[in-house]
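To keep things clear, I will list the structure first and then write my remarks on it.
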Amino acid sequence: DVLRVFERGFSGYNGRLTQQSSGLGLYLSKKISEELGHRIRIESEVGKGTTVRIKFAEVKLVIE
């Protein structure tokens with residue numbers, strides 16, 4: 001499922017099981033991150049857990 005979690009409407013096994021997921025949360029998170037110039041990625045291992053990483057874009061501020 002990790003390859004598809006950012007797709008619009010994808011809710012994975014647990015979401016389909018309980019029918020309480022819209023599949024929009026991670027989709028919107030990725031879209032917003034990209035608009036801001038950030039990157040988001042997910043790593044997961046069954047039985048161990050999931051790690052979500054957000055890499056924030058580096059922006060140089062110029063103060064006049």
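Worth a mention:
- Qualifying positions in region 19-64 - surrounded by fewer than 13 Cβ atoms within 10 Å (Cβ to Cβ), part of a helix (DSSP H, G or I) and basic (Lys, Arg): none
- The single condition among (1) of a type outside the set (A, V, I, L, M); (2) assigned to a helix (DSSP H, G or I); (3) under 9 Å from the mean Cα position of the chain (by Cα) that TYR13 does not satisfy is (3).
Every read-out reported here was derived from the displayed coordinates using simple, explicitly stated rules and does not represent laboratory data. Computed from a prediction, not measured in an experiment: that's the story for all the values here. Neighbour counts run over all protein chains shown; Cβ positions are idealised from the backbone, glycine included.
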